[in-house]
Amino acid sequence: MVPTDLSAFPVGEPNTAFAQYFIGQSYLAPLSTEQVPIFNVTFEPGCRNNWHVHHASSDGGQMLVCVAGRGWYQEWGKEPRALRPGDVVNIPEGVKHWHGAARDSWFQHLAVDVPGEDAHAEWLEPVDDEQYGKLT
């Protein structure tokens, strides 16, 4: 059962369009599709997205604003960072990373696409189950 009271933001619908890039179930609620796209992304416990990169020929990238639960963020070659409500993650264009829920917690973040020229995401390999399993 999906909790409906995680935060002030709606959980949204199952994220079927991007399901192939997630381990576990995520949900997507568009909050703004004008000016700056903003989406509330909800992750069930243990759900995370694949490694990916936000590319752009100029500007671009992504910001995450954590609003509920516990989650993780990791850049390639760096230690994972625990995320809690109120945390903000600034992801520059070209940085390989992943984000998702802790194993035992639902997690929500607002995903803000930073406007950029020719902006697009490149989806890569899944996060290694063994490495993810070590996160507490």
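Restricting to the range 28-67, name every residue that is at negative phi and among the polar types (S, T, N, Q).
Looking only at the range 28-67, we keep the residues that are at negative phi, and these are 28-34, 36-45, 47-58, 62-67.
Residues satisfying the conditions are S32, T33, N40, T42, N49, N50, S57, S58, Q62.
Restricting the search to the range 103-136, which residues are touching a Ser or Thr at 6+ places or on another chain (Cβ under 8 Å), surrounded by 19 or more Cβ atoms within 10 Å (Cβ to Cβ) and part of a loop (DSSP other than H, G, I, E, B)?
Residue satisfying the conditions is W106 alone.
Please identify the pairs in which a residue from the range 104-120 that is at positive phi has its Cβ atom under 7 Å from the Cβ atom of a residue that is of a type in the set (S, T, Y) and modelled with pLDDT of 95 or more, counting only partners at least 6 apart or on another chain.
Sorted first by the residue in the range 104-120, then by its partner, the list stays empty.
Suppose the filter is under 10 Å from F107 (Cβ atoms) and out of contact with any Asp or Glu (no Cβ under 7 Å at 6 or more places or on another chain); does W72 pass it? Full working, then the answer.
Working: under 10 Å from F107 (Cβ atoms): yes; out of contact with any Asp or Glu (no Cβ under 7 Å at 6 or more places or on another chain): yes.
Judged against the criteria, W72 is a match.
Conditions first: (1) over 13 Å from the mean Cα position of the chain (by Cα); (2) under 28 Å from D118 (Cα atoms); (3) aliphatic (A, V, I, L, M). V89 passes all but one, so which condition is the exception?
(1)
Yes/no per residue for (1) of a type in the set (K, R); (2) over 29 Å from Q35 (Cβ atoms); (3) modelled with pLDDT of 95 or more:
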residue: S57; (1), (2), (3): no, no, no
residue: V67; (1), (2), (3): no, no, yes
residue: Q74; (1), (2), (3): no, yes, yes
residue: A102; (1), (2), (3): no, yes, yes
residue: F107; (1), (2), (3): no, no, yes
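For the range 123-131, check the following and say yes or no: at least one residue is among the polar types (S, T, N, Q) and out of contact with any Cys (no Cβ under 8 Å at 6 or more places or on another chain).
First, pick out the residues of the range 123-131 that are among the polar types (S, T, N, Q): 131.
Filter once more, keeping what is out of contact with any Cys (no Cβ under 8 Å at 6 or more places or on another chain): 131.
The answer is yes; a qualifying residue exists.
Looking only at residues that are among the aliphatic types (A, V, I, L, M) and touching a Gly at 6+ places or on another chain (Cβ under 8 Å) in the range 1-40, which one is nearest to W72 (Cα to Cα)? So that I can check it myself, show each step before the final result.
Filtering the range 1-40 down to residues among the aliphatic types (A, V, I, L, M) leaves 1-2, 6, 8, 11, 17, 19, 23, 28-29, 31, 36, 38.
Now restrict to residues that are touching a Gly at 6+ places or on another chain (Cβ under 8 Å): 6, 23, 28-29.
Working: L6: 17, I23: 14, L28: 18, A29: 20 Å.
Looking at the filtered set, the residue picked out is I23.
For the range 14-91, give me every one of the strands (runs of 3 or more DSSP E) that falls completely inside it and has 1 or more residues that are surrounded by fewer than 18 Cβ atoms within 10 Å (Cβ to Cβ) and touching a residue at least 60 places away in the same chain (Cβ under 8 Å). Spell out the reasoning first.
Details: elements: 26-32, 38-43, 52-55, 61-69, 71-75, 81-83.
So the answer is 26-32, 52-55.
The values are calculated or read from the model by the stated rules, or taken from the named source; none is laboratory data. Note that the structure is a prediction, hence the values are computed from the model and not measured. Counting neighbours? That spans all protein chains shown, and the Cβs are built from the backbone with ideal geometry, glycine included.
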